[in-house]
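Everything below concerns the one structure shown next.
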Amino acid sequence: MNPHYIMIGGFLGAGKTTTVGRLARHYMGQGLRVGIVTNDQTTDLVDTHSLRSQGFDVGEVAGSCFCCNFNALTDTVEGLGQNQLPDVILAEPVGSCTDLVATVIRPLVQVYGKPLDVAPYGVILKPSHGLKILRGDTKRGFSPKAEYIFRKQLEEADFILINRVDELPPAEIDELESLLRAEFPEQPILRVSAKSGQGFDALTEMLAQQGQFGQRVMEVDYDIYAEGEAELGWLNSQINVVSSQPFDLDALLLDIIGRLHQRFETIGAEAAHLKTIGLCDGSYAVANLVSNATGPELSLPSKTLTKSANVVVNARVATDPAELETFVRGEVAAACRAFGASHEVTTLQSFRPGRPVPTHRINEPV
């Protein structure tokens with residue numbers, strides 16, 4: 001049996017990592033060997049830390065997206081497992097990337113040279129921004145160029161996932177599906193919750209389908225694409241936190257997220273995704289902010305009191321990277337003081353993504 005390659009796309013904060021983790025547990029429960037490949041424009045990936053902490057075999061392509069470093073993707077895939085490829089390869093691309101059918105899926109089929117069974121390409125809709133964008137609301141949070149990426153991600157999907165259905169009012173879910181069907185009439189639409197597992201039976205059935213996928217020929221204006229990505233400030237950092245008295249790790253992460261959320265709202269900077277992870281003595285916690293409107297959430301509690309922790313902060317926010325760095329340094333320091341802890345920023349990178357230059361781009365159907 002050829003390895004089954006599954007790539008799950010979607011905008012920043014859509015729920016890709018939670019979906020990939022749940023799928024990994026599902027396939028491992030069937031006795032299959034599973035490998036995961038994460039991806040980001042820089043190092044210190046929260047997603048990699050989080051998934052490895054859950055016991056998964058994870059490789060990462062850091063410092064560039066899958067499409068712009070295709071050879072790193074295939075090398076990472078080959079590094080998974082021991083001496084042979086896993087039965088299932090789950091790949092999570094950068095949340096601001098699109099044109100992945102032409103630059104990743106088709107090259108895997110036509111260039112890579114090793115047989116893979118490529119699953120239908122699913123893209124997760126992020127409800128918090130998706131509803132405003134698809135409705136055409138006047139205040140949507142992002143510029144038309146960033147929204148261009150959001151729509152192109154959905155356009156090339158073999159199927160679309162509406163995530164967080166356990167948290168949304170039924171009328172809102174129906175409206176989302178109606179808007180999607182009007183704009184993307186050919187794609188099947190699934191309703192799921194990555195957090196609870198609702199709808200995952202239908203998802204795994206969809207991913208098990210055999211056939212030729214990634215056939216949607218899509219024109220992409222790389223000037224608009226590059227400018228849309230560059231409007232987001234990116235920041236990745238690692239911080240060591242130490243205290244003479246035990247502190248609540250979950251509360252610290254939420255406090256950091258909450259303070260930054262207030263900052264973003266004050267200056268009108270929309271959060272595409274802000275993630276913090278805390279790791280200590282085998283315990284880990286994750287807190288998120290996926291939009292200014294939804295607010296902070298503790299997506300994975302550790303229920304841990306500790307005197308020390310490693311905290312990773314990843315931020316993707318529509319603001320200048322230098323300003324974002326100032327906010328993160330200031331609010332992390334304030335949160336640590338509030339918990340009676342000292343901290344040391346061990347690594348920090350802030351930047352705007354560069355223009356995407358794919359290794360391969362195959363835009364003709366097989």
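Observations on the structure shown:
- Hits in the stretch 92-112 - residues which are among the β-branched types (Val, Ile, Thr) and free of Cβ contacts under 8 Å to residues at least 60 places away in the same chain: Val94
- Strands (runs of 3 or more DSSP E) completely within the stretch 1-70 that count 3 or more residues being modelled with pLDDT of 95 or more: 4-10
- Scanning the stretch 240-293 for residues that are within 27 Å of Arg140 (Cβ to Cβ), of a type in the set (A, V, I, L, M) and either surrounded by 21 or more Cβ atoms within 10 Å (Cβ to Cβ) or in contact with a strand residue (DSSP E or B) (Cβ under 8 Å, 6 or more places away or on another chain) (or both) yields Leu254, Ile256, Ile257, Leu260, Ala269, Ala271, Ala272, Leu274, Val286, Ala287, Leu289, Val290.
- If you go through the stretch 220-263 and keep only what is among the charged types (D, E, K, R) and touching a residue at least 40 places away in the same chain (Cβ under 8 Å), you end up with Asp221, Glu227, Glu229, Glu231, Asp248, Asp250, Asp255, Arg259, Arg263.
- Close pairs from the stretch 179-193: first in a helix (DSSP H, G or I), partner loosely packed, with under 13 Cβ neighbours inside 10 Å, Cβ under 9 Å, at least 6 apart: Leu179/Arg135
- Neighbours by Cβ (under 9 Å, 6+ apart or cross-chain): first from the stretch 113-125, under 14 Å from Gln212 (Cα atoms); second exposed (fewer than 15 other Cβ atoms within 10 Å of the Cβ) and aliphatic (A, V, I, L, M): Asp117/Met1; Ala119/Ala208
- Qualifying residue in the stretch 70-85 (condition: within 20 Å of Ala194 (Cα to Cα) and free of Cβ contacts under 8 Å to residues at least 60 places away in the same chain): no
- Considering residues of the stretch 331-345 that are in contact (Cβ under 8 Å) with a residue 40 or more places away in the chain and out of contact with any strand residue (DSSP E or B) (no Cβ under 7 Å at 6 or more places or on another chain) only, the residue surrounded by the fewest Cβ atoms within 10 Å (Cβ to Cβ): Ala334
- Candidate set: the stretch 106-156, residues that are within 18 Å of the chain's Cα centre (by Cα) and of a type in the set (A, V, I, L, M, F, W, C); chosen: the one farthest from Leu203 (Cα to Cα): Phe142
- Of all residues making up the stretch 206-236, the number that are part of a helix (DSSP H, G or I) and closer than 13 Å to Pro321 by Cβ: 2
- Test: residue in the stretch 330-349 that is of a type in the set (Ser, Thr, Tyr) and either closer than 22 Å to Gln54 by Cα or outside the structural domain of Ser244 (by TED's automatic domain parsing) (or both): no
- Taking the criterion of being touching a Cys at 6+ places or on another chain (Cβ under 8 Å) and farther than 23 Å from Ser350 by Cβ, the residues of the stretch 303-331 that qualify are Thr304, Thr306, Ser308.
- Enumeration of residues in the stretch 206-262 that are farther than 26 Å from Lys152 by Cα and hydrophobic (A, V, I, L, M, F, W, C): Ile239, Val241, Val242, Phe247, Leu249, Ala251, Leu252, Leu253, Leu254, Ile256, Ile257, Leu260
- Filter pass, Thr103 being in a helix (DSSP H, G or I), touching a helix residue (DSSP H, G or I) at 6+ places or on another chain (Cβ under 6 Å) and among the polar types (S, T, N, Q): yes
- Residue count for the stretch 169-186, restricted to those that are modelled with pLDDT under 95 and touching a helix residue (DSSP H, G or I) at 6+ places or on another chain (Cβ under 8 Å): 0.
- Residue selected from the stretch 295-333 under the condition closer than 18 Å to Ala269 by Cα and assigned to a loop (DSSP other than H, G, I, E, B), by the criterion farthest from the chain's Cα centre (by Cα): Asp320
The values are calculated or read from the model by the stated rules, or taken from the named source; none is laboratory data. Treat the numbers as computed from the prediction; the structure is a model and nothing was measured. All Cβ positions, glycine included, derive from the backbone under ideal geometry; neighbour counts span all protein chains shown.
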